[in-house]
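J.: Sending over a structure as structure tokens; questions will come in a sec.
Since every read-out is calculated from the coordinates, none of them should be taken as a lab result. Not measured: the values here are computed from a predicted model. Neighbour counts run over all protein chains shown; Cβ positions are idealised from the backbone, glycine included.
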Amino acid sequence: MPPKPRACRARVGAVHVIAPDVLEADLDMEDPAELEFDAGQWISVPFGPKNVRAYSIASTPRSSRRITLSADVEPGGIGSAWFRGLAPGQTVEFKAPFGGFVFQPADPRPPIFVAEEIGVVPIRAILMDLEERGAARAATVVYSGRDPAHMPYHAEFVSRARRDPDFAYHPVVAGDDAAWTGRRGTAAETVRSVVPDAAVIAYVSGGGQMIGEVREVLMARGLDRKSVRWEKFW
Ligand SMILES: Cc1cc2nc3c(=O)[nH]c(=O)nc-3n(C[C@H](O)[C@H](O)[C@H](O)COP(=O)(O)OP(=O)(O)OC[C@H]3O[C@@H](n4cnc5c(N)ncnc54)[C@H](O)[C@@H]3O)c2cc1C
């Protein structure tokens, strides 16, 4: 059972710009001193009554004293402004951990992970966690974005695919980025061409439209609705 959410306080450590509009921030836990969570879960940052923003934990449970968040600040609302304003030494308060977008270890079917842009955060955390625990499975990863600048962990996945023959990586770009020489199109089109049958369990994270399109493709293959697990960021 994942731990129950509780009020948390942490101090901001380093903040890094990892892509033009994507920042990573380390949070050093103060209360509790260690955060128990499952890879793929998220924290809830309050902005007044009934107004919160969710951020997936980009780091893995192995690092329980320091968690990392990763955000695309392009949307420009209160969540983005909060994230942009994070400065080393600042105290932040949030509730955590939340969410059921976590790996299902008892399911023997090969996993397919489908991420859109910053929606990759929980999927990358799950993949890193499985690898750290020596529990990695042969996995297919589809990563889509409007251009490579909006796919912050693309280079990391390319390098994992080079060293790990069980990691089938399929990046896909929707826009007309001149420098991109790889596959073009959508996540759903890519899933249609790389997933041969319904003998999979799918983990899909990003925008609602992409999730709906990917779910349709997989259900047309015969996968049942419950076998498509999803996290809707926007
Ligand atoms: C479970 C969960 C986990 C999340 N984890 C992360 C995370 O790890 N990193 C992260 O950056 N965001 C994450 N989000 C989204 C995050 O909670 C905020 O919605 C996001 O930061 C935008 O907040 P905002 O206040 O700046 O903009 P808002 O005012 O909330 O949004 C402005 C508009 O932009 C849309 N939008 C929001 N995010 C995006 C996006 N990335 N691309 C395109 N359109 C978008 C919204 O739907 C809205 O129409 C998560 C959301 C959920 C529900």
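J.: In terms of the Cα gyration tensor, with a ≥ b ≥ c the square roots of its eigenvalues, is the range 117-234 rounded because a/c is under 1.5, prolate because a/b exceeds b/c, or oblate? Working shown, then result.
T.: Working: a/c = 1.44, a/b = 1.04, b/c = 1.39.
In terms of gyration-tensor shape, rounded.
J.: Does the chain come out rounded, prolate or oblate by the C-alpha gyration tensor, with a ≥ b ≥ c the root eigenvalues, rounded set by a/c under 1.5 and, if not, prolate when a/b is larger than b/c and oblate if not?
T.: Because a/c hits 1.5 or more and a/b exceeds b/c, the chain counts as prolate.
J.: If you don't mind, another one. What lysines does K50 reach when the alpha-carbon gap must be under 25 Å and sequence neighbours fewer than 8 apart in one chain are set aside?
T.: Reachable lysines: K4, K95, K232.
J.: Which trypsin sites (Lys or Arg not before Pro) in the range 1-95 pass both tests, a DSSP loop state and at most 16 other beta-carbon atoms within 10 Å? Walk me through the intermediate numbers first.
T.: Working: sites: R6, R9, R11, K50, R53, R62, R65, R66, R84, K95; in loops: K50, R62, R65.
Counting only loop positions with at most 16 other Cβ atoms within 10 Å, the trypsin sites (Lys or Arg not before Pro) in the range 1-95 are K50, R62, R65.
J.: Next question. In a Gaussian network model over the chain where Cα atoms closer than 10 Å are linked, find which of I78, I67, I211 has the largest mean-square fluctuation.
T.: I78
J.: Further, regarding this structure: Only bridges with both residues in the chain count here: give the DSSP antiparallel percent, nearest 5. List each step's numbers first, then the result.
T.: Details: 29 of 53 bridges.
Here the antiparallel bridges make up roughly 55 percent for the chain.
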